[in-house]
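The values are calculated or read from the model by the stated rules, or taken from the named source; none is laboratory data. The structure presented is a predicted model; accordingly, all values stated were derived computationally and were not measured. Please note: Cβ atoms are built from the backbone with ideal geometry, for glycine as well, and neighbour counts cover all protein chains shown. Each accessible area value is taken on the protein alone, full model and side chains, heavy atoms only, with ligands, DNA and RNA left out. Shrake-Rupley method; radii C 1.70, N 1.55, O 1.52, S 1.80 Å.
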Amino acid sequence: QVQLVESGGGLVQTGGSLRLSCVVSGGTSNNYHVAWFRQAPGKEREMVSVSTATSWPGTKIFYADSVNGRFTISRDNVKNTVDLQMNSLQPEDTAVYYCAARAGGSPLRSNYDYWGQGTQVTVSS
């Protein structure tokens, strides 16, 4: 069973930065798509970024339009970690952030198989 643990959330002012980290255990991490999702109060969960499995033949990294240019996803398959560097944070980025993993299918689908517990990111104006 794959286990995911997020860390790095916190409170920042508009324009600040945070780095989230997800540790993946219980499987061979490079065989999984690993994604960051977020859910704000009163809003639906949205996909923020994806780092695909090594075997995925298409584009390896995806970003939501709302974060493209500000967020960067990175994967270390030796450490089994997937990080999300978040810069130029805005109040609209406030949400609970989750990492998730799936072994097959399209990396852009939201029905990921394994989920972390979430970490709160709050951006104040």
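Numbers at a glance
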| read-out | value |
| --- | --- |
| Subset of the range 24-43 (residues that are open to solvent by 70 Å² or more (accessible area, probe 1.4 Å), farther than 22 Å from Gly104 by Cα and not in a strand (DSSP E or B)) | Pro41, Gly42, Lys43 |
| Residues satisfying the stated conditions in the range 1-18, i.e. in a strand (DSSP E or B) and either among the hydroxyl-bearing types (Ser, Thr, Tyr) or open to solvent by 60 Å² or more (accessible area, probe 1.4 Å) (or both) | Gln3, Val5, Ser7, Leu11, Gln13 |
| Residues (under 27 Å from Gly42 (Cβ atoms), open to solvent by 40 Å² or more (accessible area, probe 1.4 Å) and in a loop (DSSP other than H, G, I, E, B)) located in the range 53-105 | Asp65, Ser66, Gly69, Asn87, Ser88, Gln90 |
| One residue from Ser49, Ser21 being within 20 Å of Ala103 (Cβ to Cβ), part of a strand (DSSP E or B) and either in contact with a strand residue (DSSP E or B) (Cβ under 7 Å, 6 or more places away or on another chain) or in contact (Cβ under 8 Å) with a residue 60 or more places away in the chain (or both) | Ser49 |
| Long-range neighbours under 8 Å by Cβ, at least six apart or interchain, first residue under 12 Å from His33 (Cα atoms) within the range 52-70, second among the aliphatic types (A, V, I, L, M) and open to solvent by less than 50 Å² (accessible area, probe 1.4 Å) | Ile61/Val50; Ile61/Ile73; Phe62/Met47; Phe62/Val50 |
| Residue that is nearest to the chain's Cα centre (by Cα), among those in the range 106-119 that are open to solvent by 30 Å² or more (accessible area, probe 1.4 Å) and closer than 18 Å to Glu44 by Cβ | Trp115 |
